[in-house]
Amino acid sequence: MSETTPNVAGPPPLLELKGVSKNFGAVQALLKVDFQVRVGEVMALVGDNGAGKSTLIKGVAGIYTFNEGEIYFDSRRVAINGPRDSAALGIEVVYQDLALADNLDVVANMFLGRERIEKLWRLDEVSMEQACVETLDSLSVTTLRSVRRAVAGLSGGQRQAIAVAKAVMWNSRLVILDEPTAALGVAQTRQVLDLVKRLAERGLAVVLISHNLHDVFEVADCITVLRLGQKVAEFVARQTTQQEIVHAITAGQVQHVPGMEVAS
């Protein structure tokens with residue numbers, strides 16, 4: 001397998017991780033991983049189950065704290081010790097379960113926990129609805145008939161679109177999508193992939209976690225491969241093949257195999 005080195009002549013990364021590691025007791029989940037994503041770029045993060053993808057993203061989101069390594073955001077070294085630190089930087093994560101309240105309508109979901117209040121402590125329903133519609137329009141989400149419809153009645157693709165729109169509404173600069181097309185039909189998958197492309201076109205940095213390599217090659221500019229908690233390869237999508245990515249996922253060379261001592 002020939003690893004392709006991405007073009008680094010462009011702008012500096014918006015997010016850059018240098019040598020980050022994370023262990024849970026004796027379990028080494030990540031080992032000295034380098035990772036980066038640029039503005040206007042879709043970086044796919046792939047690997048088999050247990051490769052460390054979720055741990056890496058949860059470290060960026062502030063759910064976990066890395067045991068070692070450095071985090072740079074907008075070329076400035078930062079510390080992410082909790083979700084508030086991550087959100088303050090403009091990092092939003094759309095998890096696979098979407099974290100939507102089925103009994104609430106679209107507007108209420110998009111402003112959940114961030115409601116606008118009028119005088120006399122009433123919700124400013126008009127301005128929230130307007131902001132909701134404007135955000136959806138800016139992302140070219142056209143399949144939703146009403147933002148006052150309960151989320152429980154929406155399709156999987158519509159629900160994913162709402163979760164993404166909720167993420168980008170709050171001045172986000174980096175959006176991380178965890179398996180956004182999982183369990184979706186063909187038409188709904190197409191809508192979500194188009195939405196991912198539009199996020200990058202709007203100037204956001206996008207990280208896409210997916211097991212579906214067809215989807216990855218459809219939208220990704222670069223692809224980072226993790227194996228056994230280590231980064232084994234990074235590719236420019238248009239310069240590689242699915243076969244190379246599969247080889248890296250299943251047989252990419254690692255520096256250290258967990259559970260095995262290095263001979264002295």
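The values are calculated or read from the model by the stated rules, or taken from the named source; none is laboratory data. These figures come from a predicted structure and were not determined experimentally. No Cβ is skipped: glycine too gets one built from the backbone with ideal geometry, and neighbour counts run over all protein chains shown. Quick note on the areas: whole protein, heavy atoms, side chains included, nothing else; ligands and nucleic acids left out. Shrake-Rupley method; radii C 1.70, N 1.55, O 1.52, S 1.80 Å.
Farthest towards the positive end of the charge dipole of the chain, among the residues Pro12, Ser210, Val126, is the Cα of Val126, using unit charges on the Cβ of Lys, Arg, Asp and Glu.
Placing one equal scatterer on every Cα of the chain and applying the Debye formula, the log10 ratio I(q)/I(0) at q = 0.15 Å⁻¹ is -1.10. Split the accessible area of the chain by element, probe 1.4 Å, and carbon with sulfur accounts for 49%. Between His211 and Asp34, the distance separating the two model label sites (each 7 Å from Cα on the Cα→Cβ line) works out to 3.0 nm.
The per residue volume of the convex hull around the alpha-carbon atoms of the stretch 93-133 is 81 Å³.
Annotation: the stretch 121-264 has a Kirkwood hydrodynamic radius of 17.5 angstrom, from the mean reciprocal C-alpha pair distance. Across the stretch 163-215, the volume of the C-alpha convex hull divided among the residues equals 74 Å³ per residue.
For the pair Ala88 and Leu104, the difference between a 0.36 nm per residue extended length and the Cα-Cα distance amounts to 3.2 nm. Separation of the stretch 159-226 and the stretch 98-131, taken as the distance between their Cα centroids, equals 24 angstrom.
With 29 Å as the limit, the listed pairs Lys53/Lys197; Lys22/Lys197; Lys119/Lys197 have Lys22/Lys197; Lys119/Lys197 beyond it between alpha carbons.
Keeping every protein chain present and rolling a 1.4 Å probe, give me the accessible area per residue for the chain in Å².
Normalised by residue count, the accessible surface of the chain is 50 Å².
Per residue, the average separation of C-alpha pairs within less than 8 Å and at least 6 apart gives the chain a relative contact order of 28 percent.
Calculate the FRET efficiency for Glu125 and Glu70 from the Cβ-Cβ distance with a Förster distance of 25 Å, rounded to the nearest 0.05. Mind dumping the intermediate values first?
Values: r = 44 Å, r/R0 = 1.77.
Result of the calculation: an efficiency of 0.05.
Figure note: Lys197, Lys22, Lys119 ranked by solvent-accessible area, largest first, 1.4 Å probe, ligands and nucleic acids not counted: Lys119, Lys197, Lys22. Overall shape of the stretch 36-186 was characterised from the C-alpha gyration tensor. The equivalent ellipsoid obtained from it has semi-axes of 29, 20, 14 Å, in decreasing order. The GNM of the chain, with springs linking C-alpha atoms under 10 angstrom apart, assigns the highest mean-square fluctuation among Asp221, Asp97, Asp124 to Asp124. With contributions of -39500 (n - 2.57) from each DSSP H run of at least four residues, the per-residue ellipticity at 222 nm computed over the chain stands at -9000 deg cm²/dmol.
Report the normalised scattering of the stretch 6-104 as log10 I(q)/I(0) at q = 0.10 Å⁻¹, calculated by the Debye formula with identical scatterers on the alpha carbons. After summing over all Cα pairs, the log10 values are -0.30.
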